[in-house]
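Step one of this worksheet: look at the structure below.
The values are calculated or read from the model by the stated rules, or taken from the named source; none is laboratory data. No experiment lies behind these values; they were computed from the predicted model shown. Every residue, glycine among them, receives a Cβ derived from its backbone with ideal geometry; neighbour counts consider all protein chains shown.
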Amino acid sequence: MSEPKGKGAVAKFLDIIERAGNKLPDPAILFFALLLIIWALSALLAPFHFDEIDPRSGEHVQVINLLTGHSLADFLSNMVTTFMTFAPLGIVLVAMLGVGVAEHSGFINSGLKYILGVTPAKLLTPMLILVAIVSHTATDAGYVLVIPIGGVIFYAAGRHPLAGIAAAFAGVSGGFSANFVPSGIDPLLQGFTQSAARIIDANIELNPLNNWFFTSVSSVLIVSLGWYLTDKVIEPRLKKSNPVDDQIDDEPVMEKLKPAEKKAFWISLGAMVLGLIGLFLWVYPENSSMRSPDGEITSFQAPLMRSIVPLIFLVFLLPGVLYGLLSKTFKDTGDIIKSMTKAMNGMSYYVVMAFFCALFIDAFGQSNIGALLALKGAEFLKSMNLSAEITIVGIVILTTFVNLLVGSSSAKWALIAPIMVPMLMQLQISPDLTQAAYRVGDSVSNIITPLMPYFPLVVVFCQRYVKKTGIGTLVSMMLPYSVVFFIAWTIFLLIYWKIGIPLGLQATYVY
């Protein structure tokens, strides 16, 4: 059967995007190049006088020359401190230590298999998408586990396996910012947002779960939309245009959990639940040591709020260790440390990128160029007299297109946040809301860009069932999700904002 006419146009468009994206340097090199640019601009702009008033000092904003001998000496002497105090670094690494143990012990994988294995056929699609969304908690586990399992369970149920892969891919990547379970991405993005906000307000503090309520409710939206699109649009089309091959190499079988694995999973899950109950009982009393001195739970002074990342670490570490020992995936305590090491191996690139990113953000803030751009950008936006709603939609659109060229979520936000967060603060839009808009745009175009690191892997998963599958096939399959998610999720954010439902813990809409 011939391919739909529109698919050729999409493939050509993506070829242009791919060529443009391939010309971009690695994000780490990009941050280093931006550091050099900031140095040069600081020297060029330092002699000029600007009329904008710096809200931090009440005086005219002044660009600081970073190429003076004194500034360069400070740069070298503070380089290690700048890197070690980079807010997202420790947060992400600590959280990933616990999640890594839960992932490599098999605890998370067993949970995913169990949930999908007991789901009724009618609820297979929404449950698959829901599991895909929750898999974000284990970083890349969804790409390497849930997406291929989506094809397996759909095939085993007599449905088109590519529809299962599409549904799982839509949940894992298209719904990347929809999750009711806190994960490492929450404090990671919050760290960049807070660093950017401090360009304007040096004392501002943001909660790591400042978008948690919004992302939790968004999971319902993504599951509902994905369910409809998969069953009513994607699968009927796939049956006509991409029938499953008659001969499938290594025909997939949905592996069931072994009795020992089931027992280990339920005991470990019970331990996790008991731990959460214990935490609740610790926090509940009005005089709890986890509350602030005035008895508040969500105050920044409350130890509970300052312990969110360590709690994520413990919530996954304890059941992960228990599962590993009970299921024999951990032979001794040395295997526990090995699982943490594997998790850190996966974060090695992030550490390298964070080094250059930390230097760039520090220089960007010290030079006052970020403040100047924010103030001038705010004045420009004010002169256009756009509503706050249109401005937020603009952030979603901007992020969606940047996402086609820069795959890393943290790299994109590290680039965008230092400009957009302070700029919108000048328009009285809170960093929490700006971050929420970014997270919508960051998700919806993941599934249509070949520059996303796991995109080729998903093509390979599809080729197991339909050998002729190519990038154009996958893009045409995922494009309806991307377009519908973009429109519906953006409107949903505006309605959510209009109603005034809290975005997350200690989050605001107005700065």
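Condition (residue is assigned to a loop (DSSP other than H, G, I, E, B), of a type outside the set (Val, Ile, Thr) and over 16 Å from GLU389 (Cβ atoms)) applied to region 426-448: is it met by at least one residue? Yes; the residues of region 426-448 include at least one that is assigned to a loop (DSSP other than H, G, I, E, B), of a type outside the set (Val, Ile, Thr) and over 16 Å from GLU389 (Cβ atoms). Which one is surrounded by the fewest Cβ atoms within 10 Å (Cβ to Cβ), of the residues in region 122-142 that are part of a helix (DSSP H, G or I) and modelled with pLDDT under 75? Going through the qualifying residues, I end up with ALA141. Report, by residue number, each residue of region 187-206 that is surrounded by fewer than 21 Cβ atoms within 10 Å (Cβ to Cβ) and under 22 Å from LEU304 (Cβ atoms). ASN203, ILE204, GLU205 - these are the residues of region 187-206 that are surrounded by fewer than 21 Cβ atoms within 10 Å (Cβ to Cβ) and under 22 Å from LEU304 (Cβ atoms). A single entry from ALA436, ALA488 fulfils the requirement of being surrounded by fewer than 20 Cβ atoms within 10 Å (Cβ to Cβ), aliphatic (A, V, I, L, M), within 24 Å of ILE392 (Cβ to Cβ) and touching a residue at least 60 places away in the same chain (Cβ under 8 Å): ALA488. Condition test on GLY164, is it farther than 25 Å from THR85 by Cα, outside any loop (DSSP other than H, G, I, E, B), under 13 Å from the mean Cα position of the chain (by Cα) and not hydrophobic (A, V, I, L, M, F, W, C)? No; evaluated as a whole, the condition is false for this residue.
For region 474-511, the tally of residues that are under 18 Å from LEU206 (Cβ atoms) and of a type in the set (Gly, Ala, Ser) stands at 2. Checking each residue in region 385-395 for being out of contact with any Leu (no Cβ under 6 Å at 6 or more places or on another chain) and at pLDDT 75 or above picks out LEU386, SER387, ALA388, ILE390, THR391, ILE392, VAL393, GLY394, ILE395. Taking the condition modelled with pLDDT of 85 or more, crowded, with 24+ Cβ neighbours inside 10 Å and in a loop (DSSP other than H, G, I, E, B), does ASN210 pass? Against the criterion (modelled with pLDDT of 85 or more, crowded, with 24+ Cβ neighbours inside 10 Å and in a loop (DSSP other than H, G, I, E, B)), ASN210 qualifies. Scanning region 181-209 for residues that are more than 18 Å from LEU433 (Cα to Cα) and over 13 Å from the mean Cα position of the chain (by Cα) yields ALA202, ASN203. Taking the numbered list (1) surrounded by fewer than 20 Cβ atoms within 10 Å (Cβ to Cβ); (2) within 30 Å of ALA40 (Cβ to Cβ) in turn, ALA363 passes all entries but (1). Reported count of residues in region 177-203, each being assigned to a helix (DSSP H, G or I) and under 19 Å from VAL92 (Cα atoms), is 12.
State whether one or more residues within region 313-327 are outside any helix (DSSP H, G or I) and of a type outside the set (S, T, N, Q). No: zero hits. Scanning region 216-246 for residues that are within 29 Å of the chain's Cα centre (by Cα) and part of a loop (DSSP other than H, G, I, E, B) yields nothing. Might you check whether a residue that is of a type in the set (Asp, Glu), part of a helix (DSSP H, G or I), loosely packed, with under 15 Cβ neighbours inside 10 Å and at pLDDT 85 or above occurs anywhere in region 329-346? No, region 329-346 contains no residue that is of a type in the set (Asp, Glu), part of a helix (DSSP H, G or I), loosely packed, with under 15 Cβ neighbours inside 10 Å and at pLDDT 85 or above.
This table checks each residue for (1) farther than 22 Å from GLU103 by Cα; (2) at pLDDT 90 or above; (3) touching a helix residue (DSSP H, G or I) at 6+ places or on another chain (Cβ under 6 Å).
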residue: GLY158; (1), (2), (3): yes, no, no
residue: ALA196; (1), (2), (3): yes, no, yes
residue: SER218; (1), (2), (3): yes, yes, no
residue: SER224; (1), (2), (3): yes, yes, no
residue: LEU238; (1), (2), (3): yes, no, yes
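When restricted to residues that are surrounded by 17 or more Cβ atoms within 10 Å (Cβ to Cβ) and in contact (Cβ under 8 Å) with a residue 40 or more places away in the chain, region 455-473 contains 10.
Table: residues versus (1) within 30 Å of SER183 (Cβ to Cβ); (2) at pLDDT below 80; (3) surrounded by fewer than 14 Cβ atoms within 10 Å (Cβ to Cβ).
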residue: ASP51; (1), (2), (3): no, no, yes
residue: ASP54; (1), (2), (3): no, yes, no
residue: HIS70; (1), (2), (3): no, no, yes
residue: LEU89; (1), (2), (3): yes, yes, no
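What's the number of the only condition in (1) touching a helix residue (DSSP H, G or I) at 6+ places or on another chain (Cβ under 8 Å); (2) assigned to a helix (DSSP H, G or I); (3) at pLDDT 80 or above that MET96 fails to meet? For MET96, the exception is condition (3).
Given LEU415, LEU398, LEU433, which one is under 21 Å from LEU189 (Cβ atoms), within 24 Å of the chain's Cα centre (by Cα) and modelled with pLDDT under 75?
Details: LEU398 fails: modelled with pLDDT under 75; LEU433 fails: modelled with pLDDT under 75.
Going through LEU415, LEU398, LEU433 in turn, just one is under 21 Å from LEU189 (Cβ atoms), within 24 Å of the chain's Cα centre (by Cα) and modelled with pLDDT under 75: LEU415.
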